[in-house]
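What follows draws every value from the coordinates through simple rules; no lab data is involved. Quantities reported herein were computed from a predicted structural model and do not represent experimental measurements. Ideal geometry is used to build each Cβ from the backbone, glycine not excepted, and the neighbour counts take in all protein chains shown.
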Amino acid sequence: MTRLPPRPLAASAPSRLNRRHLLAWAAGGAAAAALPLRAEVTDLNDAINKAGRQRMLSQRLSKAWLALGQQIEATRAEKVLAESMASFDRQLFELKAFAAQPAVRATYGQLEAAWSDYKGVLVGTKPSTAAAQRLLQLDAQVLALAQQGTAQLEQQAGKPGSALVNLAGRQRMLSQRMAKFHLALAWRLPGTDAPAQIEAARAEFIAGLDRLAAASQTTALIHDQLALARQQWVFFDRAIGRSSTPAFGDAQNVFVASENILQVMDQVTTLYARLPG
């Protein structure tokens with residue numbers, strides 16, 4: 001398949017993007033500061049859901065940033081970037097307030113520092129191939145700490161149902177991770193090992209769907225949502241393809257499909273989090 005070159009950023013884009021990103025960052029910080037001085041997290045399953053969502057946001061933010069750099073779904077990508085930053089800020093505040101165990105509090109202290117570095121690049125750096133390597137290094141650090149916090153909260157809960165909340169939530173992250181690396185391929189970023197990363201996430205995602213479907217706690221309603229997720233997966237997997245040099249249209253399809261499957265898997269995760277016991 002012939003690869004079309006990415007659309008260049010307009011000459012005025014750097015100042016426009018940075019200004020908008022700064023406003024989004026300020027809005028997110030103001031929203032976090034305005035939250036009441038108590039945890040909004042209702043219980044451990046809710047905490048695991050939100051902690052797992054932080055994993056997903058680490059990858060979704062990079063996906064949106066890479067899309068902006070290539071002018072792929074640029075309007076939607078800018079909205080995703082701003083909303084995801086605000087969500088990360090809000091949930092980090094909530095999880096820090098909820099964390100009771102010293103080890104969990106320490107993890108979220110480390111995550112706050114890593115997030116500050118990552119957000120600084122998201123806000124203050126024009127999307128470019130030169131800056132992408134640093135961005136991907138930082139999103140990996142945020143992802144690792146968000147995963148650590150989620151695992152700690154699942155261990156604290158110690159229930160099979162909580163493990164399913166974690167597993168379903170991880171599917172959200174995998175969808176965004178595959179899309180992110182696909183966009184890295186589209187931009188021909190060096191040193192990302194993107195094809196191997198996509199295949200690893202793809203295999204884990206398929207296995208995760210099977211594990212969720214086989215779980216005894218999975219209700220009829222959740223089975224219906226998982227069936228919808230499998231339908232969305234067909235489109236997403238087709239969009240990802242196996243090409244090492246995706247065309248511009250392929251990357252557009254991946255961006256849209258990744259948002260669609262994310263919406264379904266977020267609903268699945270919330271349903272698991274609300275199960276009794």
(message) Highest mean first, how do 211-217, 234-240, 65-71, 178-184 rank when packing is the count of other Cβ atoms within 10 Å averaged over residues?
(response) 178-184, 65-71, 234-240, 211-217
(request) At 0.36 nm per residue, minus the direct Cα-Cα distance, what do residue 110 and residue 234 gain on full extension? Give it in nm, one decimal, please. (result) 40.9 nm
(request) Go through 105-112, 142-149 and give me the packing order, highest mean Cβ count within 10 Å leading. (result) 142-149, 105-112
(message) Quick check: net charge around residue 55, other residues with Cβ under 14 Å of its Cβ, Lys/Arg +1 and Asp/Glu -1?
(response) +4
(request) Compare the peptides 199-207, 41-49, 115-123 by average per-residue count of other Cβ atoms within 10 angstrom and give them in order, highest first. (result) 41-49, 115-123, 199-207
(message) Quick check for you: which residues of region 148-175 have the amide N under 17 Å from the point 7 Å beyond the Cα of residue 101 toward its beta carbon?
(response) 148-167
(message) I need the phi-derived Karplus couplings for region 214-223: 6.51 cos²θ - 1.76 cosθ + 1.60, θ = phi - 60°, integer Hz, Gly and Pro marked x.
(response) 7, 5, 5, 7, 6, 7, 4, 5, 5, 4
(message) Please report the net charge: other residues with Cβ closer than 13 Å to the Cβ of residue 117, K and R +1, D and E -1.
(response) 0
(request) Scan around residue 217 for amide H atoms under 5 Å from its own, H built in the peptide plane at 1.01 Å from N, and keep only partners 5 or more places away or cross-chain. (result) none
